[in-house]
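K.L.:
Before I ask anything, here is the structure I am working with.
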Amino acid sequence: FTTGCSEIPITVTQGFNAATIPLCWKTQVVAGNPGSRITFPNNGTLPTAYPFEGSNMVRYDSYYGPAGTEERLESAPMSSIGTTSVDVEFYFNRDSGYAGAQYLTEGVQVQYSLDGTSWTDTGDFIQRYSSTVAGWEKQTVTIPRI
């Protein structure tokens, strides 16, 4: 199975400014509910959120999903040949409200793959809950040289 998407050289910038997934990006359910819970709305609830920039944002609906559901948002294929490392930067909406058990397991884990099949975690798991931040916070995760 191959796609018509060629590797693109880095630096890559992707704004999520449409109600659909960007060209050559895809989602993959990793665990739990077999349907995608990723959408690209112009606002969100639970918590209330609006795009950091532009007209839309990526939203993963964990509120109505069963516990243990995981889904991967995969970027278009990229080539990092000749670079020493790659910084992945994005804004993540943090919530300083209720710190129940589910908030402590919800969040984002940056991963990379060399073959599109096996994935490696890189950087720390970024929790949705934060005792100090409410709203958009810039995240930077470095993918090491392979």
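The values are calculated or read from the model by the stated rules, or taken from the named source; none is laboratory data. None of the values given here were measured: they were computed from a predicted structure. All Cβ positions, even for glycine, are placed from backbone atoms using ideal geometry, and neighbour counts span all protein chains on display. Remember, those area values only see protein heavy atoms, side chains included, never the ligands or the DNA or RNA. Shrake-Rupley method; radii C 1.70, N 1.55, O 1.52, S 1.80 Å.
K.L.:
How many residues are out of contact with any strand residue (DSSP E or B) (no Cβ under 8 Å at 6 or more places or on another chain) and part of a loop (DSSP other than H, G, I, E, B) if we restrict to the range 101-115?
P.N.:
The qualifying residues number 2.
K.L.:
Right, next: Just to verify a result, which residue in the range 114-136, among those that are over 16 Å from the mean Cα position of the chain (by Cα) and polar (S, T, N, Q), is least open to solvent (accessible area, probe 1.4 Å)?
P.N.:
Restricting to residues being over 16 Å from the mean Cα position of the chain (by Cα) and polar (S, T, N, Q), the top hit is Ser130.
K.L.:
A follow-up question, please. Can you go through Ala19, Ala67 and tell me which one is in contact with a helix residue (DSSP H, G or I) (Cβ under 9 Å, 6 or more places away or on another chain) and farther than 23 Å from Thr142 by Cα?
P.N.:
Working: Ala19 fails: in contact with a helix residue (DSSP H, G or I) (Cβ under 9 Å, 6 or more places away or on another chain).
On inspection, the qualifying residue turns out to be Ala67.
K.L.:
To continue, here is another question. If you check Glu74, Glu89, which single one turns out to be open to solvent by less than 50 Å² (accessible area, probe 1.4 Å), at pLDDT 90 or above, charged (D, E, K, R) and closer than 24 Å to Arg145 by Cβ?
P.N.:
On the way: Glu89 fails: open to solvent by less than 50 Å² (accessible area, probe 1.4 Å).
Of the residues listed, the single one that is open to solvent by less than 50 Å² (accessible area, probe 1.4 Å), at pLDDT 90 or above, charged (D, E, K, R) and closer than 24 Å to Arg145 by Cβ is Glu74.
K.L.:
Separate question: List the residue pairs whose Cβ atoms are under 8 Å apart, where the first residue sits in the range 108-129 and is in contact (Cβ under 8 Å) with a residue 12 or more places away in the chain, the second is open to solvent by 60 Å² or more (accessible area, probe 1.4 Å) and aliphatic (A, V, I, L, M), and the two are 6 or more positions apart or on different chains.
P.N.:
Close Cβ pairs satisfying both conditions: Leu114/Ile146; Gln127/Leu104; Tyr129/Leu104.
K.L.:
Still on this structure, please answer the following. Is there a residue being within 30 Å of Ser6 (Cα to Cα) and in contact with a Lys or Arg (Cβ under 6 Å, 6 or more places away or on another chain) anywhere in the range 121-144?
P.N.:
Among the residues of the range 121-144, not one is within 30 Å of Ser6 (Cα to Cα) and in contact with a Lys or Arg (Cβ under 6 Å, 6 or more places away or on another chain), which makes the answer no.
K.L.:
Would you mind finding the one in Arg37, Arg59 that is modelled with pLDDT of 90 or more, open to solvent by less than 70 Å² (accessible area, probe 1.4 Å) and either touching a Ser or Thr at 6+ places or on another chain (Cβ under 9 Å) or more than 30 Å from Ser6 (Cα to Cα) (or both)? Before the answer, list the steps.
P.N.:
On the way: Arg37 fails: modelled with pLDDT of 90 or more.
None of the other options fit; the residue is Arg59.
K.L.:
Do you know which of the residues in the range 77-86 that are part of a loop (DSSP other than H, G, I, E, B) and not polar (S, T, N, Q) is surrounded by the most Cβ atoms within 10 Å (Cβ to Cβ)? It would help to see each step written out before you state the result.
P.N.:
Narrowing the range 77-86 to residues part of a loop (DSSP other than H, G, I, E, B): 77, 80-84.
After this cut, where a residue has to be not polar (S, T, N, Q) as well, the list is 77, 81-82.
Working: Pro77: 13, Ile81: 8, Gly82: 7.
Checked the range 77-86; the qualifying residue surrounded by the most Cβ atoms within 10 Å (Cβ to Cβ) is Pro77.
K.L.:
Going by what's in this entry, would Glu71 be described as under 22 Å from Val29 (Cβ atoms), within 16 Å of the chain's Cα centre (by Cα) and not in a loop (DSSP other than H, G, I, E, B)? Let's see the steps before the verdict.
P.N.:
Values: under 22 Å from Val29 (Cβ atoms): yes; within 16 Å of the chain's Cα centre (by Cα): yes; not in a loop (DSSP other than H, G, I, E, B): yes.
The answer is yes for Glu71.
K.L.:
Related question: Condition first: open to solvent by 40 Å² or more (accessible area, probe 1.4 Å) and under 17 Å from the mean Cα position of the chain (by Cα). Now tell me which residues in the range 24-34 satisfy that.
P.N.:
Cys24, Trp25, Lys26, Thr27, Gln28, Val29, Val30
K.L.:
Answer yes if at least one residue in the range 68-91 is touching a Leu at 6+ places or on another chain (Cβ under 8 Å) and small (Gly, Ala, Ser), and no otherwise.
P.N.:
If we filter the range 68-91 for residues that are touching a Leu at 6+ places or on another chain (Cβ under 8 Å), which is where we start, we get 76.
When the remaining residues are screened for being small (Gly, Ala, Ser), the result is 76.
Yes, there is a match, as at least one residue in the range 68-91 is touching a Leu at 6+ places or on another chain (Cβ under 8 Å) and small (Gly, Ala, Ser).
K.L.:
In addition: Taking the range 8-19 as the search range and keeping residues that are in a loop (DSSP other than H, G, I, E, B) and at pLDDT below 85, which one is nearest to Phe90 (Cα to Cα)?
P.N.:
Pass one, the range 8-19, residues in a loop (DSSP other than H, G, I, E, B): 10-19.
With the extra rule that they be at pLDDT below 85, the set shrinks to 10-12.
Working: Ile10: 15, Thr11: 13, Val12: 12 Å.
The selected residue is Val12.
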